[in-house]
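**Student:** Handing you a structure now.
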Amino acid sequence: MILERINSPDDVKVLDWEELTTLAAEIRAFLIEKISHTGGHLASNLGVVELTIAMYKAFDLPEDKIIWDVGHQSYTHKILSGRKNAFDELRQHGGLSGFPKRKESPYDAFDTGHSSTSISAGLGIAQARDILGQDYKVVSVIGDGALTGGMAYEALNNAARIQKNFIIVLNDNNMSISENVGGMSRYLSGLRTDVGYNELKKWVAETLDRIPGMGQPIIDKIKRTKNGIKQLFIPGMLFENMGITYLGPVDGHDIRLLYRTFQEAKRLDHAVLVHVLTKKGKGYRPAEKNPSRFHGVEPFDIATGKPLKQKEYPTYTDVFSKTICRLGETHPTLVAVTAAMPDGTGLKRFGQKFPDRFFDVGIAEEHAVTSAAGMAAGGLKPVVAVYSSFLQRGFDQIVHDVCLQNLPVVFAVDRAGLVGSDGETHQGIFDLSYLTAIPNMCVMAPKNRWELEDMLAFAADYNGPIAVRYPRGEAYRGLREFRAPIEYGKGEMLYEESEIAILAAGSMVSTGEHIREKLKAAGHHCSLANLRFVKPLDTSLMDRLAQKHPVIVTMEENVLQGGFGLAASAYLYEHYPEIKVIQIALPDAYVEHGNVTLLREELGIDSDSILRQLKAQGLF
């Protein structure tokens with residue numbers, strides 16, 4: 001096998017075109033086999049195999065820099081840069097990351113994980129290169145879906161100013177995670193479907209060339225015109241009009257053509273965009289037929305494409321999906337907003353049921369938030385469903401456009417807390433800190449699937465900004481017998497005894513239940529309270545706990561800094577200085593990728609680790 005001989009970029013450069021084509025097929029088989037065991041991003045990686053090989057052939061890594069937007073399509077890059085033997089531990093705790101990481105390899109030029117960043121980062125690296133008098137190529141790879149993000153346009157606007165080589169590769173597969181939407185998608189579709197453009201350009205040049213003595217000067221003059229022949233035949237010429245030379249569209253699965261195009265792009269002394277057409281999921285039929293489902297997959301059976309582990313119980317996302325559809329029937333002004341993730345957030349069903357009340361804005365979280373604010377100002381009840389780590393991108397809009405005006409926008413914050421294998425860029429461990437810092441914002445966290453239903457119903461009727469944060473994965477089915485009505489700012493006493501009191505939020509309530517059971521088995525008394533409202537804090541519940549307990553333990557799956565534990569401690573220390581308060585939270589650090597159970601143990605927020613902490617302090 002050719003792949004067995006590939007241990008560095010130099011090994012790619014010596015291969016002929018036929019060998020490179022064989023290498024592409026072997027890499028696809030390798031990716032399918034490995035990801036079927038570990039899980040990971042499959043469809044996006046299958047789509048860029050030839051593109052990555054061509055870049056390795058055309059550029060000198062690691063001297064030249066490749067910046068991958070989002071980074072979930074970097075697996076072939078990792079294979080070709082000498083990391084193929086680490087793929088058995090892909091996205092596993094302590095193993096190979098699913099995204100580029102500078103500390104993992106010198107071939108990873110920039111850490112990525114969120115969308116629409118690569119042009120900005122690449123431009124910054126190119127500017128550093130020029131100021132320091134260095135000489136290497138910088139290539140930013142960005143998907144067509146990522147061009148729905150405003151940051152990409154800010155970068156394009158500035159890229160036109162650079163006076164040395166800077167290459168932008170537009171990987172156009174007509175997909176982001178879900179199908180692309182909006183004007184940019186239609187614009188690129190026009191380029192894709194304008195099959196006559198290149199043929200027409202060639203015909204014009206050949207026709208003019210046959211005019212004796214005059215044809216070639218005319219061709220040269222056309223080429224010197226500001227936008228050349230392309231200005232005549234490609235509608236809009238968005239990139240050329242911005243001052244960025246446009247090359248393409250190019251078949252993204254033709255290695256030789258890609259190589260030649262990159263060689264041409266390297267000769268230019270300014271910004272150039274290479275438009276590459278690829279097929280997401282290429283080479284694996286189930287992924288080609290359903291690229292959205294195979295964007296990020298759990299371990300699966302290669303023959304059928306079906307997951308090895310079938311889902312037994314509904315996830316929190318499933319519960320949200322059903323509940324929001326039910327609320328849509330009883331609340332005619334309720335609308336739903338997603339940023340390119342109708343499947344991931346569970347809004348696809350709502351969009352099918354209420355198409356006129358569903359808005360997929362593309363990868364544009366800032367716009368999602370402010371447009372929702374506008375809808376609320378106009379009399380609608382918008383629900384913005386978004387992953388916790390991606391909502392970070394809309395922080396200013398939440399502050400300035402939603403909360404400042406006290407507008408009734410509901411934020412359904414999915415993937416809150418530890419999410420596992422995607423690592424630092426995707427852990428939802430900051431939302432309690434940044435949301436509770438904002439005036440007028442109300443923040444809730446459910447203990448189980450039924451409380452999520454109740455909280456969403458409460459939020460649908462609440463007249464102000466409100467967030468409901470819930471974790472990834474199977475919804476907790478315990479504590480069903482506790483379902484007191486939701487009251488604004490009020491927590492829920494689950495078990496009231498003495499000695500130690502646990503005050504927990506969201507996913508940590510189930511952990512608190514396990515701790516209580518273990519303490520009871522050891523002969524100790526323990527109370528358990530469900531916080532419910534992280535903001536505003538239920539001080540009356542804390543007063544009640546302080547009357548009977550010398551020790552109160554706060555528990556949250558969020559970083560300690562800015563979390564509810566510190567706020568609760570401040571209140572208790574002020575009013576009950578004799579009370580000992582222990583805060584259980586995540587450390588002030590980015591959390592690496594790995595199985596959530598292992599991460600909870602390592603970070604000390606599982607029941608056994610917490611019990612060890614309490615015992616070490618002599619509390620039982």
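**Student:** Give me the pairs: first residue in segment 1-30 and assigned to a helix (DSSP H, G or I), second residue among the small types (Gly, Ala, Ser), beta-carbon distance under 6 Å, and six or more apart or on different chains, which are they?
**Tutor:** Pairs that qualify, where the first residue is assigned to a helix (DSSP H, G or I) and the partner is among the small types (Gly, Ala, Ser), are Arg28/Gly283.
**Student:** Does Ile162 meet the test of being farther than 17 Å from Leu51 by Cα, assigned to a helix (DSSP H, G or I) and among the aliphatic types (A, V, I, L, M)? Give the steps one after another, and end with the answer.
**Tutor:** Numbers: farther than 17 Å from Leu51 by Cα: yes; assigned to a helix (DSSP H, G or I): no; among the aliphatic types (A, V, I, L, M): yes.
No; evaluated as a whole, the condition is false for this residue.
**Student:** Residues that are buried (at least 18 other Cβ atoms within 10 Å of the Cβ) and among the polar types (S, T, N, Q): does segment 364-386 have at least one?
**Tutor:** So far as segment 364-386 goes, yes, one or more of its residues are buried (at least 18 other Cβ atoms within 10 Å of the Cβ) and among the polar types (S, T, N, Q).
**Student:** Step by step: first the residues of segment 370-408, then only those that are of a type in the set (Phe, Trp, Tyr) and free of Cβ contacts under 8 Å to residues at least 60 places away in the same chain, then the one that is nearest to Gly150 (Cα to Cα). Which residue is that? Walk me through how you get there before you give the answer.
**Tutor:** Taking segment 370-408 and keeping what is of a type in the set (Phe, Trp, Tyr), we get 387, 390, 395.
Those still in the list that are free of Cβ contacts under 8 Å to residues at least 60 places away in the same chain too: 387, 395.
Values: Tyr387: 18, Phe395: 15 Å.
Here the residue is Phe395.
**Student:** Buried (at least 17 other Cβ atoms within 10 Å of the Cβ), at pLDDT 95 or above and outside any loop (DSSP other than H, G, I, E, B) - does that describe any residue in segment 479-492? Talk me through it step by step, then tell me what you get.
**Tutor:** Step one: of segment 479-492, the residues buried (at least 17 other Cβ atoms within 10 Å of the Cβ) are 479, 482, 486, 491-492.
From what is left, the residues that are at pLDDT 95 or above are 479, 482, 486, 491-492.
Cutting the leftovers down to outside any loop (DSSP other than H, G, I, E, B) gives us 492.
So far as segment 479-492 goes, yes, one or more of its residues are buried (at least 17 other Cβ atoms within 10 Å of the Cβ), at pLDDT 95 or above and outside any loop (DSSP other than H, G, I, E, B).
**Student:** Now for a separate question. State all residues of segment 313-337 that are part of a loop (DSSP other than H, G, I, E, B) and without any contact (Cβ under 8 Å) to a residue 24 or more places away in the chain; if no residue qualifies, say none. Give the derivation first.
**Tutor:** Filtering segment 313-337 for residues part of a loop (DSSP other than H, G, I, E, B) gives 313-314, 331-333.
Listed by number, the list holds a single entry, Pro332.
**Student:** Right, Asp130: in the same structural domain as Gln263 (by TED's automatic domain parsing), surrounded by fewer than 17 Cβ atoms within 10 Å (Cβ to Cβ) and either under 24 Å from the mean Cα position of the chain (by Cα) or in a helix (DSSP H, G or I) (or both) or not? Even if it seems obvious, please write down each step before you answer.
**Tutor:** Values: in the same structural domain as Gln263 (by TED's automatic domain parsing): yes; surrounded by fewer than 17 Cβ atoms within 10 Å (Cβ to Cβ): yes; either under 24 Å from the mean Cα position of the chain (by Cα) or in a helix (DSSP H, G or I) (or both): yes.
Yes: the conditions hold for Asp130.
**Student:** Could we say that Ile552 is surrounded by 22 or more Cβ atoms within 10 Å (Cβ to Cβ), more than 34 Å from the chain's Cα centre (by Cα) and either of a type in the set (Val, Ile, Thr) or assigned to a helix (DSSP H, G or I) (or both) here? Lay out the reasoning, then the answer.
**Tutor:** Working: surrounded by 22 or more Cβ atoms within 10 Å (Cβ to Cβ): yes; more than 34 Å from the chain's Cα centre (by Cα): yes; either of a type in the set (Val, Ile, Thr) or assigned to a helix (DSSP H, G or I) (or both): yes.
Answer is yes for this residue.
**Student:** Give just the number: which of (1) touching a residue at least 60 places away in the same chain (Cβ under 8 Å); (2) farther than 18 Å from Asn174 by Cβ; (3) surrounded by 21 or more Cβ atoms within 10 Å (Cβ to Cβ); (4) of a type outside the set (Phe, Trp, Tyr) does Pro299 not satisfy?
**Tutor:** (3)
**Student:** Report, by residue number, each residue of segment 527-545 that is under 19 Å from Ile582 (Cβ atoms) and either among the hydrophobic types (A, V, I, L, M, F, W, C) or part of a helix (DSSP H, G or I) (or both).
**Tutor:** Selection gives Leu528, Ala529, Leu531, Val534, Leu537, Thr539, Leu541, Met542, Asp543, Arg544, Leu545.
**Student:** Could you check how many residues of segment 493-522 are buried (at least 20 other Cβ atoms within 10 Å of the Cβ) and not small (Gly, Ala, Ser)? Show your work before the answer.
**Tutor:** Residues of segment 493-522 that are buried (at least 20 other Cβ atoms within 10 Å of the Cβ), as a first pass: 494, 500-509, 511-513, 515-516, 519.
The next check asks that each one be not small (Gly, Ala, Ser); those that pass are 494, 500, 502-503, 508-509, 511, 513, 515-516, 519.
So the count comes out to 11.
**Student:** Quick one: count up the residues across segment 409-457 that are in contact with a Gly (Cβ under 8 Å, 6 or more places away or on another chain), under 24 Å from Ser321 (Cβ atoms) and free of Cβ contacts under 8 Å to residues at least 60 places away in the same chain.
**Tutor:** Number satisfying all stated conditions: 3.
**Student:** So which pairs qualify, if the first residue must be in segment 99-115 and under 17 Å from Val139 (Cα atoms), the second must be of a type in the set (Lys, Arg) and surrounded by 21 or more Cβ atoms within 10 Å (Cβ to Cβ), the Cβ gap must be under 6 Å, and the two must be at least 6 apart or on different chains?
**Tutor:** Every condition considered, the pairs that remain are Asp108/Lys101; Ala109/Lys65; Asp111/Lys101.
**Student:** Taking the residues in segment 603-616 that are among the charged types (D, E, K, R) and either surrounded by 16 or more Cβ atoms within 10 Å (Cβ to Cβ) or in contact with a helix residue (DSSP H, G or I) (Cβ under 8 Å, 6 or more places away or on another chain) (or both) as candidates, determine which candidate is farthest from His525 (Cα to Cα).
**Tutor:** First, the residues of segment 603-616 that are among the charged types (D, E, K, R): 606, 608, 612, 615.
In the following step, the residues that additionally are either surrounded by 16 or more Cβ atoms within 10 Å (Cβ to Cβ) or in contact with a helix residue (DSSP H, G or I) (Cβ under 8 Å, 6 or more places away or on another chain) (or both) were identified as 606, 608.
Details: Asp606: 20, Asp608: 17 Å.
The qualifying residue farthest from His525 (Cα to Cα) is Asp606.
**Student:** Can you confirm whether segment 162-178 contains a residue that is modelled with pLDDT under 90 and more than 21 Å from His253 (Cα to Cα)?
**Tutor:** Filtering segment 162-178 down to residues modelled with pLDDT under 90 leaves 173-178.
Okay, now just the ones that are also more than 21 Å from His253 (Cα to Cα), so 178.
Yes: segment 162-178 contains one or more residues that are modelled with pLDDT under 90 and more than 21 Å from His253 (Cα to Cα).
**Student:** On to the next question. Look at Leu619 and say whether it is buried (at least 16 other Cβ atoms within 10 Å of the Cβ), within 19 Å of Tyr470 (Cβ to Cβ) and touching an Asp or Glu at 6+ places or on another chain (Cβ under 9 Å).
**Tutor:** Details: buried (at least 16 other Cβ atoms within 10 Å of the Cβ): yes; within 19 Å of Tyr470 (Cβ to Cβ): no; touching an Asp or Glu at 6+ places or on another chain (Cβ under 9 Å): yes.
The answer is no for Leu619.
The values are calculated or read from the model by the stated rules, or taken from the named source; none is laboratory data. Small disclaimer: the values here were computed from a predicted structure and weren't measured. No Cβ is skipped: glycine too gets one built from the backbone with ideal geometry, and neighbour counts run over all protein chains shown.
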